[in-house]
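Reviewing the structure listed below.
The values are calculated or read from the model by the stated rules, or taken from the named source; none is laboratory data. These figures come from a predicted structure and were not determined experimentally. Cβ placement follows ideal geometry from the backbone for every residue including glycine, while neighbour counts extend to all protein chains displayed.
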Amino acid sequence: MNDTLSVDIEKIKSIAKEYFLDFDEKKDGAFFLEEFNIFLHQLHFFLNDKNIDNYKPANFPFKIFFPCAYLRDDIVEDIENDILKNTKNKVANQIKIPKVI
């Protein structure tokens, strides 16, 4: 792997601190160091691909023909009364909860 595409443990510590993440160097250090370097290597590969403009985006991996036989129709049900019957605290068809400060 190219030396310019590597990250050291100090950089990982600074990223974790910046995002308020708990980072234990003894427990997590080797794993994150390896994963960051794999990610940087893959990023370098994609950024340097000369044929990148020839690829089509893969937004959804399956072709969908409408009407879809395998998707069910949504059935709209009135469940308001079922929900409200499970609570003692209700006001104007809404569940009343304690005020949180």
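What to note about this one:
- Phe60 being in contact with a Gly (Cβ under 9 Å, 6 or more places away or on another chain), at pLDDT below 85 and not in a helix (DSSP H, G or I): no
- Any hit, segment 76-83, residues being surrounded by 10 or more Cβ atoms within 10 Å (Cβ to Cβ), in a helix (DSSP H, G or I), out of contact with any helix residue (DSSP H, G or I) (no Cβ under 8 Å at 6 or more places or on another chain) and modelled with pLDDT under 85: yes
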